[in-house]
1. Restricting the search to segment 44-63, which residues are out of contact with any Asp or Glu (no Cβ under 7 Å at 6 or more places or on another chain) and either polar (S, T, N, Q) or modelled with pLDDT under 95 (or both)?
2. Residue pairs, Cβ under 6 Å, 6 or more apart or interchain, first in segment 58-79 and in the same structural domain as Glu96 (by TED's automatic domain parsing) and within 11 Å of Glu96 (Cα to Cα), second of a type in the set (Lys, Arg) and surrounded by 17 or more Cβ atoms within 10 Å (Cβ to Cβ). List them.
3. Anything in segment 14-41 that is within 23 Å of Pro112 (Cα to Cα), in contact with a strand residue (DSSP E or B) (Cβ under 8 Å, 6 or more places away or on another chain) and without any contact (Cβ under 8 Å) to a residue 12 or more places away in the chain? List them, or say none.
4. In segment 74-88, which residue that is of a type outside the set (Lys, Arg) and surrounded by fewer than 22 Cβ atoms within 10 Å (Cβ to Cβ) is nearest to Met142 (Cα to Cα)?
5. Scanning for something more than 15 Å from Val60 (Cα to Cα), free of Cβ contacts under 8 Å to residues at least 60 places away in the same chain and touching a strand residue (DSSP E or B) at 6+ places or on another chain (Cβ under 6 Å), does segment 159-167 turn up at least one residue?
6. For Ala116, indicate whether it is within 15 Å of the chain's Cα centre (by Cα) and either over 25 Å from Ser146 (Cβ atoms) or modelled with pLDDT under 95 (or both).
7. Looking only at segment 80-113, count how many residues are part of a loop (DSSP other than H, G, I, E, B) and either touching a residue at least 12 places away in the same chain (Cβ under 8 Å) or β-branched (Val, Ile, Thr) (or both).
8. Check whether at least one residue in segment 106-118 is assigned by TED's automatic domain parsing to the domain that holds Arg64, in contact with a helix residue (DSSP H, G or I) (Cβ under 7 Å, 6 or more places away or on another chain) and over 20 Å from Tyr173 (Cα atoms), and report yes or no.
Amino acid sequence: MDEKKWTRLSKETVLTTRWYTLSHDRYVLPDGQVGDYHYIDIPGAAMVVPLSEGGELVLVRQHRYLMGRDSVELPSGGMKVGSDPLATARAELREEAGYDAARWQPVGEFAPYNGASNELCHLFVAEDLTKVEAEPDATEEMEVLSLPLDGVLQAVRAGEIWDGMTLAALCLYQLWRAEGRSDATPRAGAERPMTPRDGAPGPAGQLGSDDVSPAELEPEPRSSPPPSSTIALTTGASILVSSSEPTESGNPVGRDSCSSVERADTSWTSLVSGPRARSSP
């Protein structure tokens, strides 16, 4: 496809809120046509795949006002102008899920809705979790869930996990695992895995001076954690789900690539159909 660039003629701010700016551009196409483009201007976002010691993913359930229903999602949040993606990811993990992590690994980036916004979301895997006090915003009521990967993928297949950013992040995470990048370790000469630097964050898009940069991380394969057969909620309840079983093709459910996701033959309980409960402190 031939590259056909649009040329911006002007830009104006229509509305500014706490979370985003609504902007209006006038542009001209290569053929000379002039048009208008209204879009949501966002500095960026960060999303986290938090992994427990047993290899389970930590997610949050919250009510989404515009959709009128609950949504199970990975912890995430918007960045402020000039803020650092890693610092934002760490803050959102603490605020929404009530965890801090000693080990952080960059996975990739994606644009959630590039036709309506210039937002770019930065994805991280967080390991070596430590429980801390959650600090959700006044408009957020979070319930924290801990699910095995096969349970998460079954929920995706059943439509129980439908948040677009979470779906994109899970796909990137699956590819990251398939490439054997779990437990990536620094190359020779680096003293430790990438960890958040204490104190003020560095410039946007950069890690602190004490951190190992993503380019210095080298893959080191590891075997996948054993599948779990329960979904543990922080409220103390548990929901039984089917364990990962081989499909007709011989591949286990939800392993190694997005294309391998299949609906398990055995029944399992919905993640979001039951009554909501506040997360435990």
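1. Filtering segment 44-63 down to residues out of contact with any Asp or Glu (no Cβ under 7 Å at 6 or more places or on another chain) leaves 47, 49-50, 52-58.
Those that are out of contact with any Asp or Glu (no Cβ under 7 Å at 6 or more places or on another chain) and either polar (S, T, N, Q) or modelled with pLDDT under 95 (or both): Ser52, Glu53, Gly54, Gly55.
2. Close Cβ pairs satisfying both conditions: none exist.
3. The answer is Leu15, Thr16.
4. Residue satisfying both the conditions and the ranking: Gly77.
5. Within segment 159-167 (the criterion being more than 15 Å from Val60 (Cα to Cα), free of Cβ contacts under 8 Å to residues at least 60 places away in the same chain and touching a strand residue (DSSP E or B) at 6+ places or on another chain (Cβ under 6 Å)), the answer is no, since none of the residues qualifies.
6. Values: within 15 Å of the chain's Cα centre (by Cα): no; either over 25 Å from Ser146 (Cβ atoms) or modelled with pLDDT under 95 (or both): yes.
So Ala116 fails the test.
7. 8
8. no
The values are calculated or read from the model by the stated rules, or taken from the named source; none is laboratory data. Since the structure is predicted, the reported quantities are computational estimates derived from the model, not experimental observations. As a convention, Cβ positions derive from the backbone with ideal geometry for all residues, glycine included, and neighbour counts pool all protein chains shown.
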